[in-house]
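Structure, as structure tokens:
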Amino acid sequence: MKKILIAHRGANTFFHENTLEAFEKAIQLNADMIESDVRRTKNNLFVVYHDECIDEKPVKDLAYEDICKFSRLKVPTLDEVLKLTRSRIKLDIELKEEGCEKEVANFILKFLNEDEFVITSFNDNSLKIIKEAFPGISTGLILGKSNSKNPFRTWLSELFPFKRCKKINVDFLVPHWRLLKLGFLRRAKKHKLPVFVWTVNEENLILKFLRDPGIDGLITDKIETAVQLKQNSQIL
């Protein structure tokens, strides 16, 4: 299987994350895929933006015109991103909130085929909804929550997520690289679940994970470094 290099929110060392410029640069740098974040505005537009709030105001409570006013940078709409990237690069689209799963998927499918993108989320229920409604869309469960009410239980459910995976029928796992211990990759292989690891930025770790046959993809802020290391190492 080809080792997939995923530009985290675009080529964000060159341009601000989740902008059209960052996505265009990631394409130019020969990334295999771009990871981006999707939220819904008050007036039901989908925007590509990571944080829950802009200028301390929740994105979901703002109309797109207000987002443009409060943001220092141009926040792209999802359709702008899809038009820029279609037929040029695949997308890893992270759902940042619940309640709009089917709408997002239907919107994406107006622009892309099912094999041109994946949908990922920390939220089990969001992925379950997507998979039940759109079985042809590949879904990935993100692991590595940082602000949990029950850290120990969360840690266990992320080191041993396979009952969760079976229940929601996901296609791959997206663990934080710090979770790759205590036999995680061995268990993933046993359950026939590919692994895309995030967010790998240190050069020695990028090279280590590129060489690890148990890892199928790397999500990185340093996409230029990852592409170069992959080429230099002649890794498929």
The one condition in (1) touching a Leu at 6+ places or on another chain (Cβ under 7 Å); (2) in contact (Cβ under 8 Å) with a residue 24 or more places away in the chain that TYR49 fails to fulfil: (1)
The range 211-221, subset surrounded by fewer than 21 Cβ atoms within 10 Å (Cβ to Cβ) and within 18 Å of the chain's Cα centre (by Cα), residue nearest to GLN234 (Cα to Cα): ASP216
Answer from ASP61, ASP37, ASP51 - the residue that is charged (D, E, K, R) and touching an Asp or Glu at 6+ places or on another chain (Cβ under 6 Å): ASP37
LEU20, sole failed condition from (1) hydrophobic (A, V, I, L, M, F, W, C); (2) crowded, with 23+ Cβ neighbours inside 10 Å; (3) over 20 Å from LYS102 (Cα atoms): (2)
Of the criteria (1) in contact (Cβ under 8 Å) with a residue 40 or more places away in the chain; (2) of a type in the set (A, V, I, L, M); (3) over 24 Å from GLU116 (Cβ atoms); (4) surrounded by 15 or more Cβ atoms within 10 Å (Cβ to Cβ), which one LEU73 fails: (4)
Residue satisfying all of: in the range 163-210; in contact with a Ser or Thr (Cβ under 7 Å, 6 or more places away or on another chain) and among the β-branched types (Val, Ile, Thr); surrounded by the fewest Cβ atoms within 10 Å (Cβ to Cβ) among these: THR199
Among (1) more than 24 Å from ASN201 (Cβ to Cβ); (2) among the polar types (S, T, N, Q); (3) surrounded by fewer than 18 Cβ atoms within 10 Å (Cβ to Cβ) - the single one THR41 does not satisfy: (3)
Yes/no for GLU94 being out of contact with any Cys (no Cβ under 9 Å at 6 or more places or on another chain), at pLDDT 95 or above, over 23 Å from ASP32 (Cα atoms) and not basic (Lys, Arg): no
Residue ranges of strands (runs of 3 or more DSSP E) in the range 1-60 with at least 3 members of a type outside the set (Phe, Trp, Tyr): 4-8, 33-40
Neighbours by Cβ (under 8 Å, 6+ apart or cross-chain): first from the range 113-125, in contact (Cβ under 8 Å) with a residue 40 or more places away in the chain and on the phi < 0 side of the Ramachandran plot; second buried (at least 16 other Cβ atoms within 10 Å of the Cβ) and polar (S, T, N, Q): VAL118/SER138; VAL118/THR139; THR120/THR139
Some residue of the range 177-194 being in a strand (DSSP E or B), touching a residue at least 40 places away in the same chain (Cβ under 8 Å) and under 25 Å from PHE117 (Cβ atoms): no
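The values are calculated or read from the model by the stated rules, or taken from the named source; none is laboratory data. This structure is a prediction, so every number in the text was calculated from the model and none was measured. Methodologically, a virtual Cβ is constructed for each residue, glycine included, from the backbone with ideal geometry; neighbour enumeration extends over all protein chains shown.
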